[in-house]
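A.B. asks: Questions regarding the structure given below will be posed in turn.
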Amino acid sequence: MKKCKEVVFLFSEEDLILEISDKNFNKEKFVERIIEDSKIRDEIVHLMLNHPKIMVYHHSYSIISQASQMRPELFYQYWDDFALILDHPNSYHRDFGLVLLANLTPVDKENKFSNVFTDYYSHINDEKFMTARKCVQNTAKILESKGELTDNITDILLDVDERCDFSLKQKALLKSDIIELFYKFYEQINYKEQVNEFVKDELDSISPKTRKMAKKFMKKYC
């Protein structure tokens, strides 16, 4: 059996599930192995997508999320599987899809993201508020690797009040994530006047976090 440094994993599914489901599982060792071993990689992706127990699928996702940031090219083969869970009935799995697809955009040589763009950004109005935040927060990775989408994404973010059905308090908090994106990617945004007005309107937001982010933005750019 192959060894990766001092880490040894058995290949039986039962043993793998037992290891991963332990609340004190060693994530770093699994990340190391999933990068080195394609068989383990396949098995852990399968567990994330299909296993019914939360400790198994959530820990599997945690491993894949970290590894796919480190070596996204190893996980591009699973793009279509990750895209399918954008519409999963379980919000955790929708979150997984949002994060993992964003992680893979730097190696998206076939421009597969164009096929999921509409579905991806429909989650800015997901039934779960935290999933909507995942959508916005992971947009940073997308803007970094797919700058050509900046105008389309900016249009969506500026239209958040019309697109989202959340409470006023939730919308206000979501705007803190949006303003943070505008702050980080301001130089590549073409609609600077519209963005400036959007941020200015949030200087008196009911969300303290959003007010703080808006002031930071205005101090630097306006």
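The values are calculated or read from the model by the stated rules, or taken from the named source; none is laboratory data. Since the structure is predicted, the reported quantities are computational estimates derived from the model, not experimental observations. Ideal geometry is used to build each Cβ from the backbone, glycine not excepted, and the neighbour counts take in all protein chains shown. Heads up: the accessible areas ignore ligands, DNA and RNA and are worked out on the full protein's heavy atoms, side chains in. Shrake-Rupley method; radii C 1.70, N 1.55, O 1.52, S 1.80 Å.
A.B. asks: Filter region 198-210 down to the residues that are open to solvent by less than 90 Å² (accessible area, probe 1.4 Å), in a helix (DSSP H, G or I) and not β-branched (V, I, T), then identify the one that is nearest to K175 (Cα to Cα).
C.D. replies: F198
A.B. asks: Can you tell which of I54, I63, I44 is in contact with a Phe, Trp or Tyr (Cβ under 9 Å, 6 or more places away or on another chain) and open to solvent by 40 Å² or more (accessible area, probe 1.4 Å)?
C.D. replies: Step by step, each of I54, I63, I44 is checked, and only I54 is in contact with a Phe, Trp or Tyr (Cβ under 9 Å, 6 or more places away or on another chain) and open to solvent by 40 Å² or more (accessible area, probe 1.4 Å).
A.B. asks: Something else: Being of a type outside the set (A, V, I, L, M), outside any helix (DSSP H, G or I) and modelled with pLDDT under 95, is that true of even one residue in region 211-222?
C.D. replies: Taking region 211-222 first, the residues of a type outside the set (A, V, I, L, M) are 211-212, 215-217, 219-222.
If we keep only those that are outside any helix (DSSP H, G or I) too, we end up with 222.
Adding the requirement that they be modelled with pLDDT under 95 leaves 222.
Yes, the conditions are met somewhere in region 211-222.
A.B. asks: Now for a different question. Do we find that K29 is assigned to a helix (DSSP H, G or I), surrounded by fewer than 17 Cβ atoms within 10 Å (Cβ to Cβ) and among the basic types (K, R) in this structure?
C.D. replies: no
A.B. asks: Open to solvent by 30 Å² or more (accessible area, probe 1.4 Å) and small (G, A, S), is that true of S91?
C.D. replies: No, not satisfied.
A.B. asks: May I pose another question? Out of (1) in a helix (DSSP H, G or I); (2) within 18 Å of D161 (Cβ to Cβ); (3) over 23 Å from the mean Cα position of the chain (by Cα), the odd one out for F182 is which?
C.D. replies: Only one criterion in (1) in a helix (DSSP H, G or I); (2) within 18 Å of D161 (Cβ to Cβ); (3) over 23 Å from the mean Cα position of the chain (by Cα) is unmet by F182, namely (3).
A.B. asks: If I filter region 139-146 for residues that are basic (K, R) and either in a loop (DSSP other than H, G, I, E, B) or touching a residue at least 40 places away in the same chain (Cβ under 8 Å) (or both), do I get at least one hit?
C.D. replies: Checked against the condition, which is being basic (K, R) and either in a loop (DSSP other than H, G, I, E, B) or touching a residue at least 40 places away in the same chain (Cβ under 8 Å) (or both), region 139-146 yields at least one hit.
A.B. asks: In addition: Kindly indicate whether N138 is modelled with pLDDT of 95 or more and either out of contact with any helix residue (DSSP H, G or I) (no Cβ under 9 Å at 6 or more places or on another chain) or open to solvent by less than 30 Å² (accessible area, probe 1.4 Å) (or both).
C.D. replies: On the way: modelled with pLDDT of 95 or more: yes; either out of contact with any helix residue (DSSP H, G or I) (no Cβ under 9 Å at 6 or more places or on another chain) or open to solvent by less than 30 Å² (accessible area, probe 1.4 Å) (or both): yes.
When the stated conditions are applied, N138 passes them.
A.B. asks: Something else now. Can you find, within region 172-197, the residue that is surrounded by the fewest Cβ atoms within 10 Å (Cβ to Cβ) among those that are more than 13 Å from K220 (Cβ to Cβ) and without any contact (Cβ under 8 Å) to a residue 12 or more places away in the chain?
C.D. replies: The residue in question is E193.
A.B. asks: On to the next question. Search region 105-125 for residues that are farther than 19 Å from Y92 by Cα and pair each with any residue that is open to solvent by 40 Å² or more (accessible area, probe 1.4 Å) when their beta-carbon atoms are under 7 Å apart and the residues are at least 6 apart or on different chains.
C.D. replies: Note: pairs meeting the criteria are T105/K141; T105/S145; P106/S145; V107/E73.
A.B. asks: Just to be sure I understand the filter: pairs with C-beta atoms under 7 Å, separated by 6 or more residues or on different chains, first member in region 1-26 and at pLDDT below 90 and β-branched (V, I, T), second member open to solvent by 60 Å² or more (accessible area, probe 1.4 Å) and in a loop (DSSP other than H, G, I, E, B). Which pairs pass?
C.D. replies: Correct list of pairs: V8/M1.
A.B. asks: So, one more: Applying the selection to region 66-76, what residues are within 20 Å of H51 (Cβ to Cβ) and either open to solvent by 10 Å² or more (accessible area, probe 1.4 Å) or free of Cβ contacts under 8 Å to residues at least 12 places away in the same chain (or both)? Quick ask: steps written out before the conclusion?
C.D. replies: Keep residues of region 66-76 that are within 20 Å of H51 (Cβ to Cβ), which gives 66-68, 75.
Passing the criteria: only Q66.
A.B. asks: Another question, then. Just give me the residues in region 77-109 being among the hydroxyl-bearing types (S, T, Y) and more than 15 Å from the chain's Cα centre (by Cα), in sequence order. I'd like the intermediate steps shown before the answer.
C.D. replies: Quick first cut of region 77-109, residues among the hydroxyl-bearing types (S, T, Y) only: 78, 91-92, 105.
Listed by number, the list holds a single entry, Y78.
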